1. If a residue has to be in a helix (DSSP H, G or I) and out of contact with any strand residue (DSSP E or B) (no Cβ under 6 Å at 6 or more places or on another chain) to count, how many in the range A:222-237 make the cut?
2. Assuming B:S83 fulfils every condition listed in (1) of a type in the set (G, A, S); (2) touching a Phe, Trp or Tyr at 6+ places or on another chain (Cβ under 8 Å); (3) over 16 Å from A:L88 (Cβ atoms) apart from one, which condition is it?
3. What residue, of A:V256, A:V240, is among the β-branched types (V, I, T) and not in a strand (DSSP E or B)?
4. Taking only pairs six or more apart or across chains, which ones have beta-carbon atoms under 8 Å, a first residue in the range B:193-205 that is aromatic (F, W, Y), and a second residue that is outside any helix (DSSP H, G or I)?
5. State whether the residues of the range B:250-272 include one that is more than 19 Å from B:V187 (Cβ to Cβ), assigned to a loop (DSSP other than H, G, I, E, B) and of a type outside the set (S, T, N, Q).
6. Looking at (1) crowded, with 16+ Cβ neighbours inside 10 Å; (2) over 29 Å from A:A426 (Cβ atoms), which one does A:E227 not meet, given that it meets all the others?
7. Take the range B:279-315 and flag every residue that is within 7 Å of chain A (Cβ to nearest Cβ), more than 18 Å from A:L133 (Cβ to Cβ) and either part of a loop (DSSP other than H, G, I, E, B) or touching a residue at least 60 places away in the same chain (Cβ under 8 Å) (or both).
8. What number of residues in the range A:405-419 are facing another protein chain (nearest Cβ under 9 Å), hydrophobic (A, V, I, L, M, F, W, C) and in contact with a helix residue (DSSP H, G or I) (Cβ under 7 Å, 6 or more places away or on another chain)?
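The values are calculated or read from the model by the stated rules, or taken from the named source; none is laboratory data. Every value quoted in this text rests on a predicted model; they were computed, and no experiment measured them. Glycine also receives a Cβ, built like all others from the backbone with ideal geometry; neighbour counts cover every protein chain displayed.
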Amino acid sequence: MRYLPNSDQDRQVMRDAIGIKSDDELFVRVPKKVFDTAKPDLPDHQPEFAVEAHIRQLARKNRAGGDGPFFVGAGAYRHHVPASVDHLIQRSEFLTAYTPYQPEISQGTLQMLFEFQTQVANLTGMEVANASLYDGSTAAMEAVLMARRLKKRDGVVVSGGLHPQYRDTIATYLGKDPAFKCMDADPQAQEDIIAQIDDSTACVVVQSPDFYGNLRDLRPIAEAAHEKGALLIAVFTEVVSLGAIESPGAQGADIVVGEGQSIGNPLTFGGPYVGLMATHPNLVRQMPGRVCGETVDAEGNRGFVLTLSTREQHIRRDKATSNICTNSGLCALAFSIHMSLLGEKGIEHLALLNHQQAVKTADALSKIDGVEVLNSYFFNEFTVKLPKAAAPIVEALAEKNILAGVPVSRLEPGKKELENLLVIAATELTSDADIDALTNALKEVI
Amino acid sequence: MLNNQGRPTGVDNVTSSSAVNGAALLPSEPLIFEIGTKEKSGVDLPALDQNVGSKLGKFARKSDIDLPALTEPQAMRHYVRISRLNYSIDAGFYPLGSCTMKHNPRLNEKMARLPGIADIHPLQPQSTVQGAIELMEELAHWLMELTGTKAVSMTPKAGAHGEMCGMMAIKAAHEANGQSHRNIVLVPESAHGTNPATAAFLGYKVKPIKAREDGTVDVQAVKDALDENVAGIMLTNPNTCGLFEPDVIEIADAVHEAGAYFYCDGANFNAIMGVIRPGDLGIDAMHINLHKTFSTPHGGGGPGAGPVVLSDALAPFAPLPYAKRDGDKLTLVENKGEGSDHLGRLSAFHGQMGMYVRALTYMLSHGVDGLGRAARDAVLNANYLKAKLSDLYNAPYGDQPCMHEVLFDDSTLKGTGVSTLDLAKAMIDEGYHPMTMYFPLVVHGAMLIEPTESESLHTLDQFIGTMRELMEDAKAGNVERFTNAPMKAPMRRLDETRAARSPILKWEAPTQQKAAE
């Protein structure tokens, strides 16, 4: 038992000091009938190499992104993470520290969070960001609740371009609330969401680039929302896009939320990821999650602390803005380090490279008979309409070791009009050879 | 937990200015915005192909973002330097009660980075990720066996998210049974702040339950509070005073008899894993903090994972997705079927795979024998601290054994001019991370110490020596040592009041700052 430092003699020393003969005496207040009675159906301890072999055998059954052409996106994206990022986040001081509640011995985490907040605010075109949330979908849900608190209104209008699992996450929390209005799935950005905004609307939720890859003009929606006293919540699932397109803040968004996984964090089957949230300073006191702020120490030196905690559950209990305690600290660190390496030039170049590979992919696929690219404008992801159902085609391509994208029907089952749609993403890791492989294989299977 | 109460500090109360020990190795480090440049980048990328057209149209960005870059050597130095300003479990004893700061084995990290784990997409065909779903199934089996339950929802992303999941399942069950009028949740006063916050979040009225003199929940108080409007109780067991609730079975029976459900906060599962199965105590739902009990690292505040085990009564209401096995074929059910009772999604995708693999690696390493031993060691360590400190520190519930954490109050500091906060800050100067302070709220000036099973007798003895010396010094009147502490940390006490009063939450260039003034 390599993780337990005490020997049997050590334990005996402790028992003697406590005045007990057996450890069982420490569990004296546990009802007899439930104490140490069950024999779980589980193995005993194993050497490190045996555990490693077992996990490797499970991992081998999965087809890794790097094992062949890969075009899967729809909310999580396969990007390169610099080796230095993964090295730095594994430093003991970052990896094995708790939440920075003792600021005098947590300045590493706190300074990093302050830098992270600034990066997120600048990237989204907002003035303030929090220290991260669980992921993009829960950030979107928290933004909706934040808007309702701020506006003291119930109305929520959700665009048909929002990631369906983000929409479903919001729906789970709002329940069967009649004030919650979801627009129909909108693969070509044609909905008239402005017509849905009225005096009871607390917020409008719009994603750009949307689930289908479309770039959406947030400006007129922001104006219409503000005219009715409502807030615009702008959502993104691909944070790299902000290197190439105008920020949601510049387009009038009031709360910006999104998924930060693309920068610094591997895919890992969907988590852990890092939710980003940014807003205007006058809305901060209703913002959920931890926030880091600048201050000085007793000698007047600049330092950082967690602040505005009167919003939080450990102080406010049942009157808190959210029940959130844990955030996504280490993923935020990975994001921040990667973003520091990229900088302004790097994020812009990376974004344009992503866009370029996606344009190449779309151009190649649109030349196939019966395949139609639906988007007028997109970033690194777009939707094609196939001549038949997309899901079996994706399976057939997977048989050929090509992961072609996400059939919309996987997230929107039972909707006939969406059955033939396939969402395809490209990143800087998509090679021209991958594009050829996808194009040729798709020709064969349709 | 909550360490931000106590005496506010300020620039004005400077009483001494001493050189910080170790300053040569701990230089203060500017922000990336003060050392980075916009012209360079620490990432090399291939040149763009000018022959490829743009599909960005009018959406193309025109304004600057304002992000500096560090080249790789600059980044290494920046982050290594700031990392050294952090205390960590790898570097020292971290007895933060309720947080279970145990050793984080590095095999866990290695396994999480296998390409077959780190480089798989949540929405690639399920036929290509059978190993991932199998891993989730295996971890689920461990959790159900250890808790004596028959269902578990893997998706919650942290303890508080797990609470949300469990309480939503309770709410859904009541609705399905025509009991949606039930609008009250009972929460003992000693509960974590997340409990009342979660209940309130779901629209429940929170009714506090008083503790008995001995720090445990009064069965009679629960029985008196139960009526046809109570939806459930949220009870932490072992509780936040570090005590096993002796009447937990009677409480569970009473709750069930009243038609309500029993949510158990599993934050303190480390004391009983492999020894007691919460399912045998009558719980209906309980989250398990994989980042506490099963050693996935805390990472400076997350990410976590909070799977929730469910009783048979609540299992039909588990959220999406959930795994199904058909012979050799595993399926994650991602969408709600017709007429299904399942809660919808609590988040996109399938939960925290990166945490699952770490937790399973840890469980396999320990084995069920090792987990039971670890729980006993955690309890033994806490009781050893109690035995060796109780003459100088008052353990308000000291006439009974504690579980894996020991609770002291500040009564022996009375009249010294030293508060719990001061004592905690003085511990920093002695090389320790402070214990959890001022929580639970039911005890004055609480000090909650959780040593975990990771600490050796030698470390505990050193810690005991320090804690005894500190209390003796406080009683001897050396107040400044405490009120000025920490003196040897990278920073002196920080002015939290100032931070909250005029928040600076983002770096501004000096010229912008001036313009704003």
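1. Residues flagged as in a helix (DSSP H, G or I) and out of contact with any strand residue (DSSP E or B) (no Cβ under 6 Å at 6 or more places or on another chain) within the range A:222-237 amount to 4.
2. (3)
3. Numbers: A:V256 fails: not in a strand (DSSP E or B).
Answer to the check: A:V240.
4. B:F201/A:S322; B:F201/A:N323; B:Y204/B:N183; B:Y204/B:I184; B:Y204/B:V185; B:Y204/B:A231
5. yes
6. Unmet condition: (1).
7. Result: B:D280, B:P297.
8. Final tally of qualifying residues: 1.
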